[in-house]
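Written below as structure tokens is the structure these notes are about.
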Amino acid sequence: MIYILDDEAGKEKLHVRAELHKYLIKVRRHREGDILHFRTRENLELLHTYRVDTVEPRSAELILISSQINEVKSLKNLHIGWCVIDSNSIEKVLPSLCEIGVEAITFISCERSQKNFKLDFKRFERIQEASMQQCGRSNYIELESCKSVKEFISKHPDTKVFDFCDNTLSDYSDIKTVLIGCEGGFSPNERELFKSLGSFRLDTPMVLRSESAVLAVASKIVL
């Protein structure tokens, strides 16, 4: 774990109890003198460094050493327009998208998305937090919803489309926004909407699931 999210971080003395004490002392086996890093949700770019001062059976006291701006984020911004799929599938790959460095995801209700899927952004935030603490990232993926592919394209006319086509890209450096379909891909009506946009595929004969495509494309563009 690179840092710990704690809304009390920044105080001169930090008292650790309950589950966090169990994790840091019993599981991670930190001892007096060890150095730990903390961030708060309200001010994520600020990194607080603490030294473990005393350790008791049910609590520990940490002393603040320093607080300084330390932003950790991807050097390249990628916005993914992702047609809605099962939330369980989204949750499985969201930590990896966070680690890769995806900047924003807009979930789109496309024609082939199942309408019974409900997106829990609060849960997505909690999943991100676990990933952020592990990889060191200091900002959340920006999450929003969009009613249709047409609306998304009108807001983001520079979008490139990942689709079944003959164009295999060798250079992904100019892609800032990418549109990825749900299971079953895009409808004929939707393909008409982005005829003027650039479409591409990956150099593979296999058909990728939506969540596999999101991971593969994000990795190509960002990393």
Worksheet entry | Coarse-grained scattering of the range 157-223 at q = 0.14 Å⁻¹, given as base-10 log I(q)/I(0) from a Debye sum over alpha-carbon atoms | -0.38
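At 10 °C and a viscosity of 1.306 mPa s, what translational diffusion coefficient does Stokes-Einstein give for the range 4-69, taking Rh as the Kirkwood radius over Cα pairs? Give it in µm²/s as a whole number.
Numbers: Rh = 11.7 Å.
Approximately 136 µm²/s, per Stokes-Einstein.
First measure r as the distance between the Cβ atoms of V207 and K122, then evaluate 1/(1 + (r/R0)^6) with R0 = 30 Å and state the FRET efficiency to the nearest 0.05.
On the way: r = 33 Å, r/R0 = 1.10.
Result of the calculation: an efficiency of 0.35.
Run the helix sum for the chain: -39,500 (n - 2.57) per DSSP H stretch of 4+ residues, divided by residue count, reported at 222 nm to the nearest 500 deg cm²/dmol.
Working: 6 runs with 59 residues, N = 223.
That calculation yields -7500 deg cm²/dmol at 222 nm.
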Practice prompt. Determine, from the Cβ-Cβ distance of E111 and V27 and an R0 of 45 Å, the FRET efficiency 1/(1 + (r/R0)^6), rounded to the nearest 0.05.
Written response: 0.45
Worksheet item: What residue among I127, S199, I69 has its Cα farthest toward the positive end of the dipole of the chain, where the charges are +1 on Lys, Arg and -1 on Asp, Glu, each on the Cβ?
Response: I127
Response to the item:
Counting only DSSP loop positions in the range 48-133, the GluC sites (Glu not before Pro) whose Cβ has at most 14 other Cβ atoms within 10 Å are E71
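Can you give the extra length, in nm with one decimal, that the chain gains between S131 and S219 once fully stretched, where that is 0.36 nm per residue apart less the Cα-Cα distance? Working shown, then result.
On the way: separation 88, 0.36 × 88 = 31.68 nm, distance 1.65 nm.
Separation in residues times 0.36 nm, less the Cα-Cα distance, equals 30.0 nm.
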Worksheet item: Ordered by residue, what ³J(HN,Hα) values in Hz, to whole numbers, does the range 76-89 give under the Karplus form 6.51 cos²θ - 1.76 cosθ + 1.60, where θ = phi - 60° and Gly and Pro are x?
Response: 10, 8, 10, 10, 9, x, 10, 5, 4, 10, 4, 4, 4, 5
Worksheet item: Relative to the present Cα-Cα distance, how much length would full extension add between I35 and E192 at 0.36 nm per residue of separation?
Response: 50.8 nm
Response to the item:
Taking Lys and Arg as +1 and Asp and Glu as -1, residues besides R51 with C-beta under 13 Å from its C-beta add up to -3
Worksheet entry | Rounded to 10°, Cα long-axis angle of helix 121-135 versus longest principal axis of the chain | 60
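What full-extension length gain, to one decimal in nm, is calculated for I69 and T168 as 0.36 nm per residue of separation minus the Cα-Cα distance? Walk me through the numbers before you get to the answer.
Working: separation 99, 0.36 × 99 = 35.64 nm, distance 4.08 nm.
That pair, I69 and T168, stretches by 31.6 nm at full extension.
Just so you know, all these numbers are worked out from the coordinates, no wet-lab data involved. Computed from a prediction, not measured in an experiment: that's the story for all the values here. No Cβ is skipped: glycine too gets one built from the backbone with ideal geometry, and neighbour counts run over all protein chains shown.
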